[in-house]
1. Among the residues of segment A:176-192, is any crowded, with 24+ Cβ neighbours inside 10 Å and under 11 Å from A:Leu137 (Cα atoms)?
2. Would you tally the residues in segment A:306-329 being within 13 Å of chain B (Cβ to nearest Cβ), surrounded by 18 or more Cβ atoms within 10 Å (Cβ to Cβ) and within 24 Å of A:Pro364 (Cα to Cα)?
3. Take the residues in segment A:280-305 that are outside any helix (DSSP H, G or I) and facing chain B (nearest Cβ under 9 Å), then tell me which one is farthest from B:Val184 (Cα to Cα).
4. Give segment A:98-144 a look and list any residue that's in a loop (DSSP other than H, G, I, E, B), over 23 Å from the mean Cα position of the chain (by Cα) and β-branched (Val, Ile, Thr), or say none.
5. Between a residue in segment A:276-299 that is closer than 18 Å to A:Gly355 by Cα and any residue that is acidic (Asp, Glu) and not in a helix (DSSP H, G or I), which pairs come within a Cβ distance under 6 Å, given they are 6 or more apart or on different chains?
6. Suppose the filter is surrounded by fewer than 20 Cβ atoms within 10 Å (Cβ to Cβ), out of contact with any Ser or Thr (no Cβ under 7 Å at 6 or more places or on another chain) and within 24 Å of A:Met202 (Cβ to Cβ); does A:Asn77 pass it?
7. Given the condition in a helix (DSSP H, G or I) and more than 19 Å from A:Ser226 (Cβ to Cβ), answer yes or no: does some residue in segment B:178-185 qualify?
8. Which of the residues belonging to segment B:144-177 are more than 12 Å from chain A (Cβ to nearest Cβ), outside any helix (DSSP H, G or I) and within 24 Å of B:Ser119 (Cα to Cα)?
Amino acid sequence: MDAPLLAIENLRTYFYSRAKRAFIRSVDGVSLGVARGETLGIVGESGSGKSVTALSAAGLVSAGPGVISGRIDLYSNGARRNLLDGLENYARITERDGRVMEVEKDERGWRKRSETLMAGVRGKEIAMIFQNPRSALNPYSTIGKQLVETIRLHTSLKGESEAKERAIHWLERVRIDSPRLRFDNFPFGMSGGMCQRAMIAMALSAEPSLLIADEPTTGLDVTIQSRIVDLLAQLKTETGITTLLISHDISVIQRLSDRIAVMYGGTVVETGRTAEVLAPEARVRHPYTTALLASIPSAETIRRKSYLQAIEGEVLDTIEVPRGCRFYGRCNRVTEAIRENCAGLEPPLGEVAPGHKVRCWLYPATGKA
Amino acid sequence: MNRTILEVTDLRKEYSQRRGLISMLTGQGRVIPAVDGVSFYLRENETVGLVGESGCGKTTIGRTVLRLTDPSSGRVVFDGRDITNERPSDGEIAIRIRELLEQVSLKDSKLANFPSELSGGEKRRVGIARVLAVRPRLIVADEPTSALDISIQAQVVNLLRDLQKDLGLTYLFISHDLPVVELVSQKVAVMYLGRIVEMGLAENIAHQPRHPYTGILWSSLADKQTTEVNRRVDDVTVERERRTWGVFDFEQPVSGCRFAPRCPLYKDKGSPAVCTDPASEPQLRDVGHGHVVACHFA
């Protein structure tokens, strides 16, 4: 890949459940790269690990029982830094016969280390927008005040009045009408779509290298959703910002991302150029991606009023990870020829075409990878 | 033609909100008309979809039909009986749990589980089983698929359709998920700020909408789904930036058509006076085949 901005390598983010005496393997060996200027979309159902991947990159996995391994490299200002550097030293795992017996974590040390690593990165190099913008904004402070604060903290504009001008400029950029009036508004007086715009303005005003957008349209009305998607598409062409976009909504990913990663049960099961992976005529596709696309009501399904092709079974819980393919239990394309493999051996993420990788025994290329 | 099982006539529900010291002292609050004169009916074994943005009053209608909320005025007739001022009895509650679980395709072994031990899809199915336990004929399904994963959502939609076929159920299907509504409903009613602005057969609502709002609802869905990867984003945005969306401002009294401030047609037609004339709020009128629209220009 040319000029990566963010490279995630073999990331594992586990959360220890005391009650179950086991790890919830939210992210279980994920490797992904985001090139400068591109948008990588991660799609998956709840529990697939897509959000935790993003949170790990933003250094927000600080919760007591969280354990991270692997590396997340951020390339900026000509330097490379591993955002997870040395973190694993703060957690010790005692295992017996492959089962976790105990986890000891020096939480204060971990948090301190994490803060050191993220200093000057989170908010500045990596900015985030979330689902439910209203709760992400400070309710006691006006939109303008919050923006000015971000700008003075993260950019070279330190003066009050120039920061204010820049803030208004950003409110304009995200198409908030009458930005000078809105500047003095509190979040509660604004609609959900408006809050999301303010949130986006705030994230971008720090002029970050990477924008992480975690479910930016979820929970908004459909009319507002399409406006926010439009806005993100526009800002992408205007600013060329590198984006890691997380969504369960495949249509949002399809519209906004250059490349896509489909996650299931904590792993990436398919990745490639969005146009290629989601092309209607695609011949090589992971059974899960296919099933996911089929469970959305298509124009054809609606016209014929036919049944939806549901994926049987439940989303994999990542405590008891099967030995074979994680999707095996729900897969409807297992053939006799590969059944043994599917049940007993996790398939590798193999390249089936340049830049297109699929984790499935169906595709012979995966055998060689 | 099946017989009518539920008839709602001129239903109104107002909430009053008090803000600030002065309104508290004078006892005057502002009145929010959550549902503002809604009429519709459901025939047995049919599904009517109710769509609209949040705050349009669709949930309030569901709650009023179930008599969880008292209407301010209007009439609700269920199975020929006026239930506006009474609560319908639950009927005989026969406990048929095993049969029910089978109907919603849950395993027997789940009987001893606590809700927290079930997955989202299973919880939703238990919810459906609980509803079925009273052998209802009409089910108000308020956002039955929201917050579920796509694959699980498909299971629940299929289940609801099976149950309708097997048990002859009637659904009032309230949802913001337009494709799902279009899939399961025979008829769809589109609500905007407390009123039905268009109602008709599902395929007509989705593909030949007569009200500009309905058109916008469905086209925003299409915009989001656009498959052309290299589409020129700019053209579209410029075109759509003309319609300024805002939130409805309850402080400003509605005069004329309540959609006019957001209406592209209103702007295209050069702001005709009839749209903002307080004396002529557009009423639902039949444009053929039982399709009704509340727009001066439909």
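The values are calculated or read from the model by the stated rules, or taken from the named source; none is laboratory data. Remember, predicted model here, so these are calculated numbers, not experimental data. Heads up, the Cβs are rebuilt from the backbone with ideal geometry, glycines too, and the neighbour counts pull from every protein chain shown.
1. no
2. 1
3. First pass over segment A:280-305, keeping only residues outside any helix (DSSP H, G or I): A:280-286, A:295-298, A:305.
Those still in the list that are facing chain B (nearest Cβ under 9 Å) too: A:280, A:295-298, A:305.
On the way: A:Pro280: 25, A:Ser295: 14, A:Ile296: 13, A:Pro297: 10, A:Ser298: 13, A:Lys305: 7 Å.
Of everything passing the filter in segment A:280-305, A:Pro280 is farthest from B:Val184 (Cα to Cα).
4. Of the residues in segment A:98-144, the ones in a loop (DSSP other than H, G, I, E, B) are A:98, A:106, A:119-121, A:123-125, A:130-132, A:137-142.
After this cut, where a residue has to be over 23 Å from the mean Cα position of the chain (by Cα) as well, the list is A:98, A:106, A:138-142.
A:Thr142, the sole residue that qualifies.
5. From segment A:276-299, the pairs are A:His286/A:Glu270; A:Thr289/A:Glu270.
6. On the way: surrounded by fewer than 20 Cβ atoms within 10 Å (Cβ to Cβ): yes; out of contact with any Ser or Thr (no Cβ under 7 Å at 6 or more places or on another chain): yes; within 24 Å of A:Met202 (Cβ to Cβ): yes.
Here the answer is yes, as A:Asn77 does meet what is asked.
7. Initially, segment B:178-185 is screened for residues in a helix (DSSP H, G or I), giving B:178-184.
Filter again for more than 19 Å from A:Ser226 (Cβ to Cβ), leaving B:183-184.
Checked against the condition, which is being in a helix (DSSP H, G or I) and more than 19 Å from A:Ser226 (Cβ to Cβ), segment B:178-185 yields at least one hit.
8. Selection gives B:Pro144, B:Phe173, B:Ile174.
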